[in-house]
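Derivation of every value follows stated rules applied to the coordinates shown; laboratory data play no part. Computed from a predicted structure; not experimentally measured. Note that we place each Cβ from the backbone using ideal geometry, even for glycine, and neighbour counts take in every protein chain shown.
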Amino acid sequence: MRNGGVSETLSKNPSELSGEAPVRRLAYSDLPAVISIERRSFPAPWSLAMFVLELSKPAGICLAATEGEQLLGYLVCSRYDRVWHLMNVAVAPEARRRGIASRLIARLLEESRRELPFTLEVRVSNREAIAMYERLGFRSAGVRPRYYQDNGEDALIMWLD
Ligand SMILES: CC(C)(COP(=O)(O)OP(=O)(O)OC[C@H]1O[C@@H](n2cnc3c(N)ncnc32)[C@H](O)[C@@H]1OP(=O)(O)O)[C@@H](O)C(=O)NCCC(=O)NCCS
């Protein structure tokens, strides 16, 4: 082992030691990296101002998954009265299928204490995301016709009680 290996190991948290990307609260300083992932993930990406607004909401939960200094994924969830609205989740294309989005959502459920239901909208064509949400227990509850302005696509509405 290299010199300093023991203290390096001790300073890491359990998810780092198991090779999983650790999850923490998203910070304003993450936003340049967020925007980079956002632009590679969505046909109609959010603006910087939209992320700043969400981060400023005291009742929201915004999370980051990291590897070393690098941001690999993020999640934005807002609370509206008696419901949580999962507004945005994305993972860097090169880091997908490693369970990162699932881990972000699992942490969200933990931090919210599951006292209120969750809802979200997802493009009907986004099979990967729909498969992930279904695997996490979300269920479809109808469609919002022409919800997405960029191409007029319908949104599938999903709920988790
Ligand atoms: C959807 C997204 C967030 C998933 O992130 P991820 O970290 O790769 O997801 P996970 O590794 O946690 O996947 C969990 C499960 O979802 C399903 N899934 C995820 N990506 C999939 C794909 N490309 N094809 C089929 N199923 C997929 C699988 O069941 C997967 O479990 P498995 O890998 O054990 O088979 C990611 O693909 C992404 O950033 N897409 C672009 C942005 C987006 O569409 N966000 C959702 C908006 S509503």
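List of remarks:
- Nearest 10 degrees, 0 to 90: helix 100-112 Cα axis against the chain principal axis: 80
- Counting DSSP beta bridges with both ends in the chain, the antiparallel % (nearest 5): 95
- The phi-based Karplus calculation (6.51 cos²θ - 1.76 cosθ + 1.60; θ = phi - 60°) puts the 3J(HN,Hα) values of the stretch 132-141 at 5, 4, 5, 5, 8, x, 6, 10, 5, 9 Hz, whole numbers, x for Gly and Pro.
- C-alpha center-to-center spacing [the stretch 96-161, the stretch 32-68] in angstrom: 16
- Stokes-Einstein diffusion coefficient of the chain, Kirkwood radius over Cα pairs, 4 °C, 1.567 mPa s, in µm²/s: 77
- Ordering GLU67, GLU111 from the fewest to the most neighbouring beta carbons within 10 Å gives GLU111, GLU67.
- Rounded to the nearest Hz, the phi-derived 3J(HN,Hα) couplings of the stretch 47-64 under the Karplus curve 6.51 cos²θ - 1.76 cosθ + 1.60 (θ = phi - 60°) are 7, 4, 4, 5, 5, 4, 4, 5, 5, 7, 7, x, 8, x, 10, 10, 10, 10, where x marks glycine and proline.
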